[in-house]
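Below is one structure; the comments refer to it alone.
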Amino acid sequence: MTKVLIIVDMQKGFKSQENQHIYKNINKIDFKNYEHIFATRFINKKSVNPNYQEVLNYNKMITAEDTELSQLDCNYVEIEKTSYSLPQKALEDIKQIYENSEDKEIHIAGTDYDSCVLAIGFQLFDNGLIPRFYRDVISARNVRIKLDDFEKIYTKNFGNNCFIKL
C-alpha cells in the first residue's frame with residue numbers, strides 16, 4: 001500500500017476544456033490503496049502572497065465558488081495553499097508519515113503539470129521523497145506545451161519511471 005496520494009488543485013475555477021479529462025479520471029483512482037489522501041486547494045490571497053496579483057496580474061481563484069474543490073469520492077485532508085507548492089506545515093506532516101519507512105514514494109494527481117504539480121514534485125523530491133505522477137490524471141488548464149513534450153522534463157528530473165497509470 002502506498003502511504004500518500006496528493007490531489008493538486010482540482011478546483012472548479014481551474015477546470016477548462018483542456019483538462020476536463022482529469023476531472024473525469026480523478027475518481028478512477030483506487031483510493032483504498034492509500035493510507036493518507038491530501039487535496040490541495042489554492043486560494044489567491046493577496047494579503048498572504050501578493051505575487052500572483054501584483055507580479056503575474058492573476059486575479060482569479062479568489063472567490064469561494066472558484067476555489068471549491070471538485071467532487072472527490074474519497075476521504076481526504078484538505079490543504080489550503082497560497083503558492084505553487086505545499087505549505088511548510090503540510091510538507092512536515094507528510095515527511096513525518098514517511099519518517100521510519102523505507103518506502104518514500106508519493107503519488108500525485110491534479111492540475112497544472114506545468115506549475116503546481118511540478119512545483120510540488122520538486123518540493124517532495126528535494127525533501128527526500130519520490131514523487132510519482134498519474135499520467136492520465138495530470139493536465140494543464142491552458143495547454144501551451146502538451147504533456148507528451150513535458151514528459152521529458154518530468155523524466156529528466158524524477159526518473160524514467162515517474163509516471164504511473166490508472
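Need the failing condition index for Phe158 against (1) under 14 Å from Phe38 (Cα atoms); (2) without any contact (Cβ under 8 Å) to a residue 60 or more places away in the chain, just the number.
(1)
This table checks each residue for (1) outside any loop (DSSP other than H, G, I, E, B); (2) within 17 Å of Gly13 (Cα to Cα); (3) of a type in the set (Phe, Trp, Tyr).
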residue: Gly110; (1), (2), (3): yes, yes, no
residue: Tyr113; (1), (2), (3): no, yes, yes
residue: Leu118; (1), (2), (3): yes, no, no
residue: Pro131; (1), (2), (3): yes, no, no
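Out of all the residues in the stretch 115-166, which are among the aliphatic types (A, V, I, L, M) and open to solvent by less than 30 Å² (accessible area, probe 1.4 Å)? Spell out how you get there, then give the answer.
In the first step, residues of the stretch 115-166 are kept if they are among the aliphatic types (A, V, I, L, M); the result is 117-120, 124, 129-130, 137-138, 140, 143, 145, 147, 153, 164, 166.
Scanning the stretch 115-166 gives Val117, Leu118, Ala119, Ile120, Leu124, Leu129, Val137, Ile138, Ala140, Leu147.
Please count how many residues of the stretch 56-84 are over 18 Å from Arg141 (Cβ atoms), open to solvent by 30 Å² or more (accessible area, probe 1.4 Å) and in contact with a helix residue (DSSP H, G or I) (Cβ under 6 Å, 6 or more places away or on another chain).
1
Just name the residue that is nearest to Ser83 (Cα to Cα) out of those in the stretch 45-55 that are more than 20 Å from the chain's Cα centre (by Cα) and open to solvent by less than 60 Å² (accessible area, probe 1.4 Å).
Pro50
With respect to Phe125, determine if the residue is more than 24 Å from Lys15 (Cα to Cα) and assigned to a helix (DSSP H, G or I).
Taking the combined requirement at face value, the residue satisfies it.
Name the residues in the stretch 13-43 that are touching a strand residue (DSSP E or B) at 6+ places or on another chain (Cβ under 6 Å) and of a type in the set (Ser, Thr, Tyr), would you?
The answer is Tyr34, Thr40.
Give the residues of the stretch 12-44 that are open to solvent by less than 30 Å² (accessible area, probe 1.4 Å) and within 11 Å of the chain's Cα centre (by Cα), sorted by residue number.
Selection gives Phe38, Ala39, Thr40, Phe42.
Scan the stretch 93-107 and tell me whether some residue there is open to solvent by 10 Å² or more (accessible area, probe 1.4 Å) and under 14 Å from the mean Cα position of the chain (by Cα).
yes
The values are calculated or read from the model by the stated rules, or taken from the named source; none is laboratory data. Treat the numbers as computed from the prediction; the structure is a model and nothing was measured. Backbone-built Cβ (ideal geometry, glycine too); neighbour counts: all protein chains shown. Note: accessible area is taken over every heavy atom of the protein model, side chains too, but ligands, DNA and RNA are not part of it. Shrake-Rupley method; radii C 1.70, N 1.55, O 1.52, S 1.80 Å.
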